[in-house]
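Asks: Dropping the structure in here first, questions after.
The values are calculated or read from the model by the stated rules, or taken from the named source; none is laboratory data. This structure is a prediction, so every number in the text was calculated from the model and none was measured. A quick note on method: Cβ atoms are made from the backbone with ideal geometry, for glycine too, and the neighbour counts reach across all protein chains shown. Heads up: the accessible areas ignore ligands, DNA and RNA and are worked out on the full protein's heavy atoms, side chains in. Shrake-Rupley method; radii C 1.70, N 1.55, O 1.52, S 1.80 Å.
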Amino acid sequence: MLHGMVKVPGYPVAEEEISGTTFEFWSSLAEFLLDPENVAESDIPSLIAAGKKEIMQAIEEFWTKIQIPPHTESLKWTKDLRDGFTSFRKDVADLVEVAYGILGLELFDRLISQVISALANSQAGGAVAWEQIEASLFCLNSLSDCLGDEPEEDESLKVLFRSRLFNILADFGNQIPLRVRQTAVHMIGSYAVFFERWANFLPTVLNFLFVAISTPALARNASKSISSLCSSCRSTLTSELSVFLYQYELFSATPTADDIAKERVLCAISYVIQALPSESQKLDSLGRILGYVDKDAQQFLTILPQHPEAAKELGVSTLQCLVAIGKGLQAPDDIPIILAGEGGGQGPPSFWEQESGLAIQRRILHIIQTLVGSLAEDGEMIDAACAVFRTGFAETAPGPFVFPPRVVTEFLLERANRGVRVETVLSTASTMVSSHSLDGSPDISTEVGFFLELILGLAERLQNPQEDPEMSQGLVEFINRLFSRYITVIVHYQPRERIEMLLWFVMNALQVRETLVKKAACTFWASLVSFAADDRPELQASINSFVHLCGPALAEKLVWGIGGGASRSEVDSLTEPLKKMIARQVKAKTWLSASLSRNGFPSPNLSEKDKTVFLNKIMTLRGKRGTNQIAKEFWLSSRGSDFAC
């Protein structure tokens, strides 16, 4: 009966709604067979054999149901019917994945054999059943995460990838439904791990993908698969670099070249460039892809006077292409990290800090400055330019996108001084500081000092963090990055009064309405009150003086927040500086007691006994985890019975 329901004539959803009602049964049956319950041990083998037969039959029936309709048929469908059919196919993909657990390689081989059979039929003079091939590739795509590195699975995939299929698909003179190529493109990217093990199959599929990117409907998925393959197989593809560059040149010259596809393909080519054995070998290929970006930048300048909106779109896209190249050139995570200065002091200048390498870096910087400067400091252009710089922050060794901190600082401060995208500037500066906070990385105290001047100016201008919460958050988060290595820049700053002003600004951030600002401020105060530099008594004394100055007010702000002033979800964040204060500061009880002794503070719902019990409990815990629960109970008591739930 159930098989009959699946085999009801017509396309699912569009012409019948019965077959879809059986999904739950077949999925449940497959899961049951994986771990049969309440079945005698002696009956399990025959039960599984019979069950596998039924599930395989159901998969083949669903395989028939998901075959794409002729284009003339699908044109008659409404959007809801098309969406319904697509959803049905996704449900089948889920079922195939579940069924693989019980059917294993048998299911895999069956799907591949269906493709091979359809191709063989065409060689015998018949028409290619593309809807059958597409249905098989669609199901195979759903199994990509199920496969390991078993030899049997690889042997099955070899049969598929050595077939004529992808050569036929690469010939766009063949009349093949678009959906077939779309599914094939997606499937190739899903099996990148196979190509890592069997690189000899890469040329055929990459040829198909590079041809496919020139078709707008295929460009984004094809470029995504190209990027996936080049990332996974970069070391085996270095000999193909010139071919890839030529293919990209052809693609980028087409009037319909998709921006996102361009970024992905440039990133893919950059993965392969990164895998070249020496820095000097990367120079020529990197110069060529920058030539393509240069060409777009020149086109931007050409159309800017007459078509500023189109120019802006091209400008942002050009900068995003630089971002993609920078990401592609980043060293993979499995490469050993060698920090600057390791192995005995400062070494000689790297390749990228000398003539040829430095010229590449200057070329990149010139593109950035030309694009940003030509469009009157547009915010989106600045966001994209900052993203280019960020790609270098992730590196631990010199490279074409690892710009000198001085260069990045000058660019960022120029933007901030003009009041454009200050939040982006602060975020980028924070990332730069973090990337230079590891032992062995270059010291950028001078640049941090310049940014501190910017921070102080912003705090003086805002006065109240609530005036611009987003900017205030960036400001506080920047200061938080200084604790690991650059806290001395704050401590040694003169005049001290400006630093005290900054501290009160961050203090007031504990009471703003926006949670992210409050959390950033909590992180700052937790770091400050627990800061320990016992091996540097002068530094510790300076930090202690700041803490003693702000301690009473900090205690009051924390009691206010935990005492009902903040939302319940923020209590954990506020408890962190409280715990650190109690564990580290000998005057913590005095400061907290003074705040709690005020009549009606932090809430009229609290009695003097409630406040005394709270203080005694948190002081007894000395900053341990249980403090959070005590704080939450105190918050509930402060808010009253209405908030007990």
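Asks: Identify the trypsin sites (Lys or Arg not before Pro) of segment 211-301 meeting these criteria: DSSP loop state and at most 10 other C-beta atoms within 10 Å of the C-beta.
Replies: none
Asks: Quick one: of Lys90/Lys327; Lys224/Lys312; Lys580/Lys617; Lys224/Lys519, which pairs are farther than 27 Å apart, Cα to Cα?
Replies: Over 27 Å Cα-Cα: Lys90/Lys327; Lys224/Lys519.
Asks: Out of residues 5 or more away from Glu16 or on other chains, whose amide H comes under 5 Å of its own, with H placed 1.01 Å from N in the peptide plane?
Replies: Result for Glu16 returns Tyr11.
Asks: I've got another one for you. Report the equivalent ellipsoid semi-axes for segment 404-530 in whole Å, largest first, defined as the square roots of five times the eigenvalues of the gyration tensor built from alpha carbon atoms.
Replies: They are 21, 17, 14 Å, listed largest first.
Asks: What list of ³J(HN,Hα) couplings, whole Hz, do you get for segment 437-452 from phi and the Karplus terms 6.51, -1.76, 1.60, once you set θ to phi - 60° and write x for glycine and proline?
Replies: Listing the rounded values in order: 9, 6, 4, x, 7, x, 7, 10, 4, 4, 5, 4, x, 5, 5, 4 Hz.
Asks: With every protein chain kept in place and ligands, DNA and RNA left out, what is the accessible area per residue of the chain? Probe 1.4 Å, answer in Å².
Replies: Value for the chain: 46 Å² per residue.
Asks: If you don't mind, there's one more thing I want to ask. Per-residue HN-Hα couplings for segment 266-278, Karplus 6.51 cos²θ - 1.76 cosθ + 1.60 at θ = phi - 60°, whole Hz, x for Gly and Pro?
Replies: Along segment 266-278, the couplings run 4, 4, 4, 5, 5, 4, 6, 4, 4, 7, 4, x, 10 Hz.
Asks: Work out the length of the dipole vector of the chain about its Cα centre, built from +1 on the beta-carbon of each Lys and Arg and -1 on the beta-carbon of each Asp and Glu, and round it to the nearest 20 debye. Walk me through the numbers before you get to the answer.
Replies: On the way: 58 positive and 78 negative charges, 415 e Å.
Around 2000 debye, computed over the chain.
Asks: Taking the Cα atoms of segment 1-162, report the difference between the largest and smallest coordinate on each principal axis, in whole Å and largest first.
Replies: Over segment 1-162, Cα extents along the principal axes are 54, 38, 27 Å.
Asks: On full extension of the chain, what length is gained from Arg418 through Asp333, given 0.36 nm per residue of separation minus the C-alpha to C-alpha distance? Before the final figure, lay out each step's value.
Replies: Details: separation 85, 0.36 × 85 = 30.60 nm, distance 3.76 nm.
This chain segment gains 26.8 nm when fully extended.
Asks: Now for a separate question. Sum -39500 (n - 2.57) across every DSSP H segment of at least 4 residues in the chain, then divide by the residue count to get the 222 nm mean residue ellipticity, nearest 500.
Replies: Computed ellipticity for the chain at 222 nm equals -22000 deg cm²/dmol.
Asks: Please give the Cα centre distance for segment 565-642 versus segment 196-219, rounded to the nearest Å.
Replies: Centre-to-centre distance over Cα atoms comes out at 62 Å.
Asks: Let me ask something additional. For segment 176-191, in order, what is each residue's ³J(HN,Hα) by Karplus, 6.51 cos²θ - 1.76 cosθ + 1.60 with θ = phi - 60°, in whole Hz (x at glycine and Pro)?
Replies: 10, x, 4, 4, 4, 5, 4, 5, 5, 4, 5, 5, 4, x, 5, 10
Asks: How compact and how long is segment 543-644, expressed as Rg and Dmax of its alpha-carbon atoms in Å?
Replies: 12.6, 42
Asks: Could you tell me what percent of the accessible area of segment 1-87 is made up of carbon and sulfur, with a 1.4 Å probe and every protein chain present?
Replies: C and S atoms contribute 57 percent here.
Asks: A further question follows. Given bins 10 angstrom wide, list per bin the percent of all Cα-Cα distances in the chain, short to long.
Replies: Spelled out bin by bin, the chain gives 3, 13, 17, 16, 17, 18, 13, 5, 1, 0 percent.
Asks: Any idea how far apart Lys587 and Asp83 come out in nm if each label point goes 7 Å out from Cα toward Cβ?
Replies: 6.3
Asks: Fully extended, how many nm does the chain gain between Glu514 and Glu155 (0.36 nm per residue separation, minus their Cα-Cα distance)? Show your work: numbers first, answer last.
Replies: Values: separation 359, 0.36 × 359 = 129.24 nm, distance 5.67 nm.
Full extension from Glu514 to Glu155 adds 123.6 nm.
Asks: Could I ask something else about it? Describe numerically, in nm with one decimal, the distance between label points set 7 Å from Cα along Cα→Cβ at Ser46 and at Leu178.
Replies: A separation of 5.4 nm, rounded to one decimal place.
Asks: With +1 on each Lys and Arg Cβ and -1 on each Asp and Glu Cβ, and nothing else charged, work out how big the dipole of segment 404-530 is about its Cα centre, in Debye to the nearest 20.
Replies: Once rounded to the nearest 20, the dipole reads 140 debye.
Asks: Now, a different point. Once you place label points 7 Å from the Cα toward the Cβ at Arg622 and Ser280, how far apart are they in nm?
Replies: 6.3
Asks: What FRET efficiency, computed as 1/(1 + (r/R0)^6) with R0 = 35 Å and r the Cβ-Cβ distance, is obtained for Asp94 and Gln629, rounded to the nearest 0.05? Each step should come with its number before you reach the end.
Replies: Details: r = 41 Å, r/R0 = 1.17.
For Asp94 and Gln629, the calculated efficiency is 0.30.
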